[in-house]
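Undergrad: Below: one structure in structure tokens.
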Number of protein chains: 2
Amino acid sequence: MSFTTTATIASFGGKLLKLTHKATSTNCDMALNLYLPPQAAKSGTKVPVLFYLSGLTCTGDNCAEKGFFQHGASEKGIAVVYPDTSPRGLKIEGEDEGWDFGTGAGFYVDATKDPWSKGYKMYSYITEELPKVLFSSFDQLDSSKVSITGHSMGGHGALTLFLKNPGMYKSVSAFAPIANPINCPWGQKAFKGYFGEDQQAKWADHDATELVKKWEGPLNLLIDVGTGDNFYKQKQLLPENFIEAAKEAGNDSGVTLRMQPDYDHSYFFMASFADDHVAHAAKYLFA
Amino acid sequence: MSFTTTATIASFGGKLLKLTHKATSTNCDMALNLYLPPQAAKSGTKVPVLFYLSGLTCTGDNCAEKGFFQHGASEKGIAVVYPDTSPRGLKIEGEDEGWDFGTGAGFYVDATKDPWSKGYKMYSYITEELPKVLFSSFDQLDSSKVSITGHSMGGHGALTLFLKNPGMYKSVSAFAPIANPINCPWGQKAFKGYFGEDQQAKWADHDATELVKKWEGPLNLLIDVGTGDNFYKQKQLLPENFIEAAKEAGNDSGVTLRMQPDYDHSYFFMASFADDHVAHAAKYLFA
């Protein structure tokens, strides 16, 4: 159940660990990156943890290389976890047919529809199995101080995992999140595949815009979206729907949506504002 | 002769331009990235320029995505040029046989040996043709304020181009440079191929350790090398030879070699110290 460390890489004064472990929820070996900031090297010190959930097609490597989170995390003393986006190699028919469903596109849900229910359990993996193995393997991580962020499909993941688990995460933020998946082509394809077309309650239960309507209290949520983001223009993200729902439910207090001029959907966008999202998490992790 | 802009990407408040142009020195189309910091957007403003020379196998894309020079360059108001590392597609026999010679491995020299002399002229390209086209195409760039840096083979490039052209660059720095190519396998293979085995004077004329012996005055040079760098351990870099030669020639004043504990040869290493190298350049560019 514990990790195999396949590489230890010096980064911004800390260490980026490349880890693999046999996961039961996803029924396969899972790879991830864990950044331990320099503060974690001091004996007896525990550091807070920021989960970063990646977008479609990505692994935990992309953001560790191109997202620039280590820069801020090193300064603030926060560990960053970069998990993978789906199980891999389950040999389910159709798994590798599209880039927006199956491999690299787990959507942070527990699939209930056969054959995907055999391992596409990224919700359980991220909220239960992975934290359990992490906190039992790394004494340096403070299990009582955890925040979450993510990009695109991972922004959807961050928002829904936060909203579905009050108290589990100290704060949430998102880059270009798929904020209302039941009303966009990406989300509809994924939820149809993982839950079935007739499971509307399940769909709503993993839709941030639906979930925020039931949230009580302030959200303290930061969302960045680029105005040059083609997926935003194609209405895959729909952040305005989320903001509108939060307002209607009276929960918009502390929700900040920043429309960043000209920025696209890429890691260049995220790198430019990664420091802000780490600072946002730090505000609540060190409160 | 001018550039085609294939993409404009928002990055750290500025713009990363993906450019291509037909180059005469290298006898082919050349691609590069140009980062214009936010300060360059103000009408009438001219910003200094930092050339970043990449290492073996890389294009101008790798460091633009993973090196995080844009972070410091945005803050200081410096443009960054990320050229390619060789001509491409010249159809010279053997061009793509190895990763350390030919394509992706131009070594910033003008080859004199046939058939490489047909286009492997990266020295002329970087010191003459490219700056000419850049400064005539982009009014925002200050041609009187130029510095240079680079990584590995590009660190060799930065050191030798600086040392061979007094006054052309305001400052120089390098990450894990091939500092004494005539005494390491990479350099020997490249110089044998591009110049011929019997051209020892040519070899010495492109060896930073040989060149520094003739340099007069202070160097104001920053070099970072990771102690976990396998190429350093394999004696491909030999930075100590350079430092020793500078000392013997009385030119070590202002030469700083920092051995960074545990860092490897990767972009994780560069990203960790990119801000320092931009600050080093800024000190001389804004002097």
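Undergrad: Quick test of your reading of the structure: B:Thr6 fulfils all but one of (1) open to solvent by 50 Å² or more (accessible area, probe 1.4 Å); (2) under 12 Å from B:Leu130 (Cα atoms); (3) touching a Ser or Thr at 6+ places or on another chain (Cβ under 7 Å). Name the failing condition by number.
TA: It fails just one condition, (2).
Undergrad: Separate question: Within the set of pairs 6+ apart or on separate chains, which have a first residue in region B:266-287 that is open to solvent by less than 10 Å² (accessible area, probe 1.4 Å), a second that is among the hydroxyl-bearing types (Ser, Thr, Tyr), and C-beta atoms under 6 Å apart?
TA: Matching pairs, first to second residue: B:Phe269/B:Tyr263; B:His277/B:Thr149; B:His277/B:Ser173; B:Ala281/B:Ser147; B:Ala281/B:Ser171; B:Leu285/B:Ser147.
Undergrad: Considering only region B:101-131, state which residues are more than 17 Å from the chain's Cα centre (by Cα) and open to solvent by 30 Å² or more (accessible area, probe 1.4 Å).
TA: If the condition is that a residue be more than 17 Å from the chain's Cα centre (by Cα) and open to solvent by 30 Å² or more (accessible area, probe 1.4 Å), then B:Thr112, B:Lys113, B:Asp114, B:Pro115, B:Ser117, B:Lys118 are the ones that fit.
Undergrad: Can I ask one more? For the subset of region B:64-100 comprising residues that are within 15 Å of B:Asp276 (Cβ to Cβ) and more than 14 Å from every other protein chain (Cβ to nearest Cβ), which member is surrounded by the most Cβ atoms within 10 Å (Cβ to Cβ)?
TA: Residue satisfying both the conditions and the ranking: B:Ile78.
Undergrad: Would you pick out the residues in region B:215-228 that are surrounded by 15 or more Cβ atoms within 10 Å (Cβ to Cβ) and at pLDDT 95 or above?
TA: Within region B:215-228, B:Leu221, B:Leu222, B:Ile223, B:Asp224, B:Val225, B:Gly226, B:Gly228 meet the criteria.
Undergrad: From the list A:Lys235, A:Lys192, A:Lys170, pick out the single residue that is touching a Lys or Arg at 6+ places or on another chain (Cβ under 9 Å) and part of a loop (DSSP other than H, G, I, E, B).
TA: Just a single option satisfies the conditions, and that option is A:Lys170.
Undergrad: Under the condition of being more than 10 Å from every other protein chain (Cβ to nearest Cβ), over 20 Å from the mean Cα position of the chain (by Cα) and surrounded by 19 or more Cβ atoms within 10 Å (Cβ to Cβ), which residue from region B:247-265 is farthest from A:Lys15 (Cα to Cα)?
TA: Only one residue fits best here, namely B:Asn251.
Undergrad: So, in region A:1-30, how many residues would count as being away from chain B (no Cβ under 14 Å), hydrophobic (A, V, I, L, M, F, W, C) and out of contact with any Leu (no Cβ under 7 Å at 6 or more places or on another chain)?
TA: Here the count works out to 3.
Undergrad: Any idea which of A:Val278, A:Val225 is farther than 29 Å from A:Asp142 by Cα, of a type in the set (A, V, I, L, M) and within 14 Å of another protein chain (Cβ to nearest Cβ)?
TA: A:Val225
Undergrad: Pick from region B:191-214 the residues that are surrounded by fewer than 18 Cβ atoms within 10 Å (Cβ to Cβ) and polar (S, T, N, Q): which of them is nearest to B:Asp110 (Cα to Cα)?
TA: Selected residue: B:Gln199.
Undergrad: Please name all residue pairs, on different chains or six or more residues apart, with Cβ atoms under 6 Å, provided the first residue is in region B:194-206 and is without any contact (Cβ under 8 Å) to a residue 24 or more places away in the chain and the second residue is in a loop (DSSP other than H, G, I, E, B) and open to solvent by 30 Å² or more (accessible area, probe 1.4 Å).
TA: Within 6 Å, no pair qualifies.
Undergrad: Right, something else. Does A:Ala208 satisfy the criteria of being among the hydrophobic types (A, V, I, L, M, F, W, C) and out of contact with any His (no Cβ under 7 Å at 6 or more places or on another chain)?
TA: Against the criterion (among the hydrophobic types (A, V, I, L, M, F, W, C) and out of contact with any His (no Cβ under 7 Å at 6 or more places or on another chain)), A:Ala208 does not qualify.
Undergrad: Given the options A:Phe231, A:Phe242, name the one that is of a type in the set (A, V, I, L, M, F, W, C) and open to solvent by 10 Å² or more (accessible area, probe 1.4 Å).
TA: Working: A:Phe242 fails: open to solvent by 10 Å² or more (accessible area, probe 1.4 Å).
So the residue among A:Phe231, A:Phe242 that is of a type in the set (A, V, I, L, M, F, W, C) and open to solvent by 10 Å² or more (accessible area, probe 1.4 Å) is A:Phe231.
The values are calculated or read from the model by the stated rules, or taken from the named source; none is laboratory data. Computed from a prediction, not measured in an experiment: that's the story for all the values here. In this analysis, Cβ positions are derived from the backbone assuming ideal geometry, glycine residues included, and neighbour counts consider all displayed protein chains. Accessible surface is based on the protein model in full, side chains and every heavy atom, while ligands, DNA and RNA are left aside. Shrake-Rupley method; radii C 1.70, N 1.55, O 1.52, S 1.80 Å.
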